[in-house]
Amino acid sequence: MAEQALPGAGSPAERTAADIPAGVQRAEPYAYYILFLMVVGNFFNFIDRGILSIIGNRVRADLHLTDAQLGFLMGTAFAVFYSVVGLAMGRIADAVSRRGLMATGMAVWSGMTAAAGAATSYTGLATARMAVGIGEATASPCAHSLLMDYFPARNRSLVLGIYLGGVHLGGAASLIGGGYLLQHWGTLCTTLSFDACRLADWRAMFLIAGLPGLGLAVLIALMREPARPEIVRPVRLLPFVVGEMSAAVPPFTLFNLYRAGGGAAVVRNLVLVAVLGLIAWGLTRLVGDPLQWSALALGAYSVITWGGVMRLRDRPLFSLTFGCPTFLLITAGGSLMASISGAVGAWNAPYVMRALHVSPGQAGLYLGVTGVVTALSSNLVGGFITDLWKRHDRRAPMWISIISLTAPIPALLVMLRAQDLESYIAAFAVFNFLIMLWSGALGAQIQDLVLQRMRGTAAVILSLVLVLVGAGIGPYWVGKISTMTGSLTAGLYSVIGLVPVAVALFLLAARRVRADTPAARRARAAAAGEAL
């Protein structure tokens with residue numbers, strides 16, 4: 001395999017076409033085209049991720065699933081493999097062509113979303129959802145890293161807020177479009193040229209959701225990419241990618257650990273395997289659902305092991321991420337917040353269809369429009385306020401996050417007591433606006449804690465932990481409580497218990513953020529061996 005020069009060390013033509021200085025002070029017009037592509041990519045990402053919510057009741061009936069199993073499919077099946085593969089994607093995105101990596105991942109997740117429509121069992125659908133997670137693991141590190149290179153520091157919270165708007169646009173499209181098509185598929189299928197009416201409605205929804213992303217993958221593969229002056233060493237592409245994957249994917253992790261840290265590192269890792277296996281076994285004995293706990297144990301193992309490999313191979317990177325208490329506190333608090341918003345988001349449509357006897361078309365339209373308007377405005381308002389507030393107080397992202405945690409609780413209580421769709425939607429609008437204020441703020445804060453060459457890795461750590469905890473626990477646990485009590489309402493009430501813990505984590509982070517200045521960050525990196 002020929003060596004591939006890393007971005008920043010490519011050919012003169014490539015550098016001339018795409019060079020953006022590391023300290024860019026003003027975004028060029030082309031930067032907004034890149035932002036557009038990233039937003040649209042995020043749009044398809046969250047259509048494919050969220051389509052199961054609106055069709056969940058049909059899938060549950062057709063495949064004879066429990067709410068706990070449906071919660072696993074909506075969250076854990078995707079989240080664990082997103083995490084396992086995604087950990088390695090940070091360093092891969094920091095070292096190879098981000099456009100090529102993202103385009104490949106988009107082709108995988110779009111294709112596997114379409115393939116989910118052919119599933120005939122719980123296991124088959126879970127397998128397809130796992131593959132979607134593998135493909136989507138490429139999106140966040142590539143997009144965050146590209147946007148940080150194209151836009152100046154003073155605009156990054158707002159830019160990330162706009163980028164994250166694709167989350168809400170995609171989520172809304174999956175609800176509005178999915179609900180309408182689900183309700184009217186019996187009529188719409190007759191207008192197609194092939195015998196589409198032989199497809200069950202939910203199977204057709206997977207196919208329709210997945211195929212458009214294949215075209216966008218081509219556009220992303222053709223875009224320009226900024227040079228990265230910090231990265232100058234060449235890599236042999238295939239060995240590098242395989243090596244990074246083996247840092248997180250068992251059992252190859254053992255070879256990586258042995259090469260980096262010798263027999264002692266392997267022994268410590270085997271002890272970790274035993275401890276996580278024992279925890280998974282105990283939880284399975286206690287509440288059942290072995291696939292849920294085995295999958296979460298795999299995700300936890302990959303995160304912890306990858307951090308251990310990072311400590312042995314790249315101490316400066318470890319020092320500013322897994323080795324930084326501020327980074328860990330922010331990530332932990334964000335993951336609990338993601339559990340609350342993720343659980344409510346996943347079960348919103350099934351809840352209103354069951355509790356309020358609303359049709360799929362109505363549920364999708366009202367929830368989708370309300371969700372996208374409130375979430376997009378929340379991202380913009382939250383990012384703008386944070387950028388202004390941060391000029392006077394470095395702790396602003398923490399305060400915004402605490403507000404975003406506590407203020408929505410009364411609205412959630414009103415939602416779960418509503419007797420009609422109008423009351424539910426009014427309360428949901430307030431809840432969704434408040435719970436989404438934090439997203440751009442935390443993303444930008446994490447980027448402020450690391451060096452430029454580490455941005456992709458920092459983004460993927462934040463993203464994968466939020467997904468692993470938020471999607472891997474939130475939707476499943478609500479479904480499990482629903483299965484045990486016979487009440488989906490009780491399951492949704494239970495997420496309020498996470499709020500005090502998350503607030504405490506953000507308060508602890510706020511105490512540390514003020515001291516985490518750029519100078520302190522560079523000093524820690526230098527102490528760990530970084531050549532500055």
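No lab work stands behind these numbers, since they all come straight from the coordinates. What you are looking at is a predicted structure, and each value in this text was computed from that prediction instead of being measured. Because the Cβ atoms are built from the backbone with ideal geometry, glycine has one as well, and the counts that use them run over all protein chains shown.
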Evaluate the distance, in nm, between pseudo-label points positioned 7 Å from the Cα of HIS357 and of VAL381 along their respective Cα→Cβ axes. 3.5 nm
Any idea what Rg and Dmax come out to for the stretch 74-223 if you just take the C-alpha atoms, in Å? 17.1, 54
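If R0 is 41 Å, what FRET efficiency do you get for THR104 and CYS197 from their C-beta distance, rounded to 0.05?
Working: r = 34 Å, r/R0 = 0.84.
Rounded to the nearest 0.05, the efficiency is 0.75.
About the Cα centre of the chain, what is the dipole size in debye to 20, counting +1 per Lys and Arg Cβ and -1 per Asp and Glu Cβ, all else neutral? Write out the running numbers ahead of the final one.
Values: 38 positive and 24 negative charges, 259 e Å.
The dipole magnitude comes to about 1240 debye.
Mind checking the full-extension length gain between ASP393 and PHE255? Use 0.36 nm per residue of separation minus the Cα-Cα distance, one decimal, nm.
Details: separation 138, 0.36 × 138 = 49.68 nm, distance 4.56 nm.
Separation in residues times 0.36 nm, less the Cα-Cα distance, equals 45.1 nm.
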Points 7 angstrom from Cα along the Cβ direction at VAL287 and ALA527: gap in nanometres? 3.9 nm
Rounded to 10°, Cα long-axis angle of helix 360-390 versus longest principal axis of the chain: 30 degrees
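Taking only C-alpha pairs under 8 Å that are 6+ residues apart, what is the relative contact order of the chain in percent? Mind showing how you got there, number by number?
On the way: 932 pairs, mean separation 140.2, N = 532.
26 percent.
Over all directions, the average projected area of the alpha-carbon convex hull for the stretch 247-345 comes to how many nm²? Kindly include the intermediate steps, with their values, before the conclusion.
Numbers: hull surface 29.4 nm².
The orientation-averaged projected area of the Cα hull of the stretch 247-345 comes to 7.4 nm².
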Estimated [θ] at 222 nm from DSSP helical runs (n ≥ 4, -39500 (n - 2.57)) normalised by residues in the chain, nearest 500: -25000 deg cm²/dmol
Once every Cα of the chain carries one equal point scatterer and solvent is ignored, give the base-10 log of I(q)/I(0) from the Debye formula at q = 0.06, 0.13 Å⁻¹, two decimals. -0.27, -1.35
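Could you order peptides 268-276, 160-168 by the average number of other Cβ atoms within 10 Å of their residues, highest first? List each step's numbers first, then the result.
Numbers: 268-276: 14.6, 160-168: 24.6.
For the peptides 268-276, 160-168, the packing ranking is 160-168, 268-276.
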Relative to the longest principal axis of the chain, what angle (0 to 90°, nearest 10) does the C-alpha long axis of helix 421-435 take? 10 degrees
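Would you mind working out the magnitude of the charge dipole of the stretch 242-382 relative to its Cα centre, with +1 at each Lys and Arg C-beta and -1 at each Asp and Glu C-beta, to the nearest 20 Debye? All intermediate terms of the calculation are to be shown ahead of the outcome.
Numbers: 7 positive and 3 negative charges, 57 e Å.
Roughly 280 debye for the stretch 242-382.
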Enter the angle in degrees (range 0 to 90, nearest 10) between the Cα long axis of helix 139-150 and the first principal axis of the Cα atoms of the chain, meaning the one along which they spread out most. 50 degrees
